[in-house]
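Asker: The structure follows.
The values are calculated or read from the model by the stated rules, or taken from the named source; none is laboratory data. None of the values given here were measured: they were computed from a predicted structure. No Cβ is skipped: glycine too gets one built from the backbone with ideal geometry, and neighbour counts run over all protein chains shown.
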């Protein structure tokens, strides 16, 4: 089932994939009421511009401090910190790029897989992911949408008894929203 509705002022497109509801929304990820939000990180975990900068501004310096203490990590890996002053209890820092700020489909795929797996490992019910690698990484948003949704389905398919009942893909721009809605519509029933 695929449905569209207005929610909290953000357009929502949703689809049931197994036991998990996938949602595509356009809003500020720092305001999402979920257990964890994903930060589009570099492998040294310092938080500069884009999603990372917004998370640090809203959640506080403590998030970056906790993250940097765990780095550097391999590109494609993910680490967890507290959510600081955010609504979300946790921030999952997905290293979708290196310090060179370059990315590719494999890095985005691995960062997505490891982020979703961290949420499952923590027993979380909900997670919100941005379009990884599409900001400073310059990765095409339509490709990111397909890679991220496929990777999330892969992890959930391998973990049928998951606590994760809601996965949000939180987009900032209308074109990103459209790309993720189209990719979600291609998921087999």
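Asker: Of everything in the stretch 117-130 that's in a loop (DSSP other than H, G, I, E, B) and in contact (Cβ under 8 Å) with a residue 60 or more places away in the chain, which residue is surrounded by the fewest Cβ atoms within 10 Å (Cβ to Cβ)?
Answerer: Looking at the filtered set, the residue picked out is 125.
Asker: Inside the stretch 37-65, can you point out the residues that are more than 13 Å from the chain's Cα centre (by Cα) and under 12 Å from residue 92 (Cβ atoms)?
Answerer: Residues satisfying the conditions are 45, 63.
Asker: Here are 151, 144, 176: which of them is in a helix (DSSP H, G or I), crowded, with 16+ Cβ neighbours inside 10 Å and free of Cβ contacts under 8 Å to residues at least 40 places away in the same chain?
Answerer: 144
Asker: One residue is enough: does the stretch 107-122 have a residue meeting the conditions out of contact with any helix residue (DSSP H, G or I) (no Cβ under 6 Å at 6 or more places or on another chain) and either over 17 Å from residue 37 (Cα atoms) or at pLDDT below 95 (or both)?
Answerer: So far as the stretch 107-122 goes, yes, one or more of its residues are out of contact with any helix residue (DSSP H, G or I) (no Cβ under 6 Å at 6 or more places or on another chain) and either over 17 Å from residue 37 (Cα atoms) or at pLDDT below 95 (or both).
Asker: Among the listed residues 162, 134, identify the single one that is in contact (Cβ under 8 Å) with a residue 24 or more places away in the chain, assigned to a loop (DSSP other than H, G, I, E, B) and more than 16 Å from residue 16 (Cβ to Cβ).
Answerer: From the options 162, 134, the qualifying one is 134.
Asker: Checking the structure you have, find out if any residue of the stretch 65-77 is part of a strand (DSSP E or B) and surrounded by fewer than 20 Cβ atoms within 10 Å (Cβ to Cβ).
Answerer: Checked the stretch 65-77: no residue is part of a strand (DSSP E or B) and surrounded by fewer than 20 Cβ atoms within 10 Å (Cβ to Cβ).
Asker: Another question, then. Please determine, by comparing only the residues of the stretch 39-51 that are closer than 18 Å to residue 77 by Cβ and in contact (Cβ under 8 Å) with a residue 40 or more places away in the chain, which one is surrounded by the most Cβ atoms within 10 Å (Cβ to Cβ).
Answerer: Out of the qualifying residues, it is 39.
Asker: Have a look at 112, 103, 81 and point out the one that is part of a helix (DSSP H, G or I) and buried (at least 20 other Cβ atoms within 10 Å of the Cβ).
Answerer: 112
Asker: Something else: Looking at 34, 24, which one is modelled with pLDDT of 95 or more, more than 14 Å from residue 93 (Cβ to Cβ), within 12 Å of the chain's Cα centre (by Cα) and not in a strand (DSSP E or B)?
Answerer: On inspection, the qualifying residue turns out to be 34.
Asker: More than 16 Å from residue 122 (Cβ to Cβ), surrounded by fewer than 24 Cβ atoms within 10 Å (Cβ to Cβ) and over 14 Å from the mean Cα position of the chain (by Cα), is that true of residue 15?
Answerer: Here the answer is yes, as residue 15 does meet what is asked.
Asker: Which condition from (1) surrounded by fewer than 18 Cβ atoms within 10 Å (Cβ to Cβ); (2) in contact with a helix residue (DSSP H, G or I) (Cβ under 6 Å, 6 or more places away or on another chain) is the one that residue 21 breaks?
Answerer: Of (1) surrounded by fewer than 18 Cβ atoms within 10 Å (Cβ to Cβ); (2) in contact with a helix residue (DSSP H, G or I) (Cβ under 6 Å, 6 or more places away or on another chain), only one is false for residue 21: (2).
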